[in-house]
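As structure tokens, the structure follows; a few thoughts come after it.
Read-outs throughout are calculated quantities, based only on the coordinates presented, and are distinct from any laboratory measurement. Since this is a predicted model, take the numbers as computed values, not measurements. We place every Cβ from the backbone using ideal geometry, glycine too, and count neighbours over all the protein chains shown.
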Amino acid sequence: MFFNNKDKRYNRFSDYLRNLYGVKVYKVTLDAGFTCPNRDGTISNEGCIFCDGGGSFSQLYPNNISIKEQLDLGIALSKEKYKAQKFLAYFQAYSNTYKPVKELENIYNQALSHEDVIGMSIGTRPDCVDSEKLDLIASYTKNHYVWLEYGLQSIHEKSLKFINRGHSFETFVNALKETQKRNINVCAHVILGLPNETKQDMLETAKVLGDLGVNGVKIHLLCVLNNTRLVKLYYQGKIPMMEEDEYVETACDFLEMLPPDVTIHRLAGNGLKPNMLAPAWLSKKFVVLNKIDKLLEIRNSFQGAKRNIS
Ligand code: SF4
């Protein structure tokens, strides 16, 4: 089974968007000056164990400029590099609903008023939304293409505790239900290779997210970035890292367990190269993605293939 008129055995988000809009659509990452309750002392001041203090911001241009300037820069770069023609403003750094609703409105309006922007994707924590904020975000769906991306990482409480997420799986489920009531697309972020998770645990995350009806999934591999609390544990030998082939196999298993209509926003996330300590093999991301394609082909399998097999 191939997806989006492409030679792909999974529902890649970039292909899905091209099908939807007929042109290349690109997400321009933004840092709109948010922080995070898991860093500012509200929940903790230590942050998630894998977070380097940059709040997962992955763009190479400076983040101390206005939203319009960041968009101008990001759009110009992606027009040139990827031949993109339409753009989504991606509020990526930290928790992008973690301000009073009036301020959120002002921030989102700045991005959506840009002439080249057709919508937005808002990355946040499930404990940083409420009805007022979700109503505001839902109001944009009338005229724009809108996604909410919830950091979850795993459905298993033992893992949420280990990575110091500071919220439970139940918090995610409640936020998801409130978001779905308002017809906002939801993407859940997950991490494969968390210590103490078996492959069965990871596949259960895929199965449950599918059952809950998320619209998209962003899949990361646990990697060790400098300036994170993982570094010390890694050097103490307490963080077994997945080998490349193991990740490829697990990612394929994970895809087979997700419903086919769930869009895959990322399949092997990584940090900025200079900032990444391990695993070294992830710096060649294209090799990993090719291996995933190849293994699905060898298995003659596709996203959703094992969805109904318990
Ligand atoms: S929720 Fe996001 S920004 Fe906050 S500590 Fe965790 S990874 Fe970092």
Check your understanding: Based on the inverse mean of 1/r over its pairs of different Cα atoms, what is the Kirkwood hydrodynamic radius of region 70-121, in Å?
Key -> 11.8 Å
Check your understanding: Could the peptides 34-42, 277-285 be put in order, highest first, of the mean number of other beta-carbon atoms found within 10 Å of their residues?
Key -> 34-42, 277-285
Study note, to complete from the structure: One would report the antiparallel percent of DSSP beta bridges in region 13-299, rounded to the nearest 5, as 5 percent
Practice item. Provide the percentage of antiparallel DSSP beta bridges, counting only those with both residues in region 167-310; round to the nearest 5. Key: 15 percent
Practice item. Sort the following peptides by mean Cβ neighbour count (other Cβ atoms within 10 Å, averaged over residues), highest first: 255-261, 227-233. Key: 255-261, 227-233
Check your understanding: In terms of modelled amide H atoms, which long-range or inter-chain residues lie less than 5 Å from the amide H of ALA278?
Key -> VAL224
Exercise for review: Give me the distance in nm between label points sitting 7 Å out from Cα along the Cα-to-Cβ direction at VAL173 and GLN85, one decimal.
Suggested key: 4.4 nm
Revision key, fill the gap. If every Lys and Arg gets +1 and every Asp and Glu gets -1 at its Cβ, then about the Cα centre region 13-299 yields a dipole, in debye to the nearest 20, of 420 debye
Practice item. Could you tell me which of the pairs LYS99/LYS142; LYS83/LYS177; LYS83/LYS285; LYS218/LYS294 are separated by over 32 angstrom between their Cα atoms in the structure shown? Key: LYS83/LYS177
Check your understanding: Hey, which of these cross-link pairs are over 26 Å Cα-Cα: LYS8/LYS238; LYS199/LYS238; LYS24/LYS181; LYS86/LYS306; LYS81/LYS291?
Key -> LYS8/LYS238; LYS24/LYS181; LYS86/LYS306
Practice item. For region 1-139, just the Cα atoms, rotate onto the principal axes and tell me the three extents in Å, largest first. Key: 47, 34, 31
Check your understanding: Once you wrap a convex hull around the alpha carbon atoms of the chain, what is its projected area averaged over all directions, in nm²?
Key -> 15.0 nm²
Check your understanding: With charges set only on the Cβ (+1 for Lys and Arg, -1 for Asp and Glu), what does the dipole of region 151-258 come to about its Cα centre, in debye to the nearest 20?
Key -> 680 debye
Check your understanding: Helix-derived [θ] at 222 nm for the chain: sum -39500 (n - 2.57) over DSSP H runs of at least 4, divide by residue count, nearest 500?
Key -> -11500 deg cm²/dmol
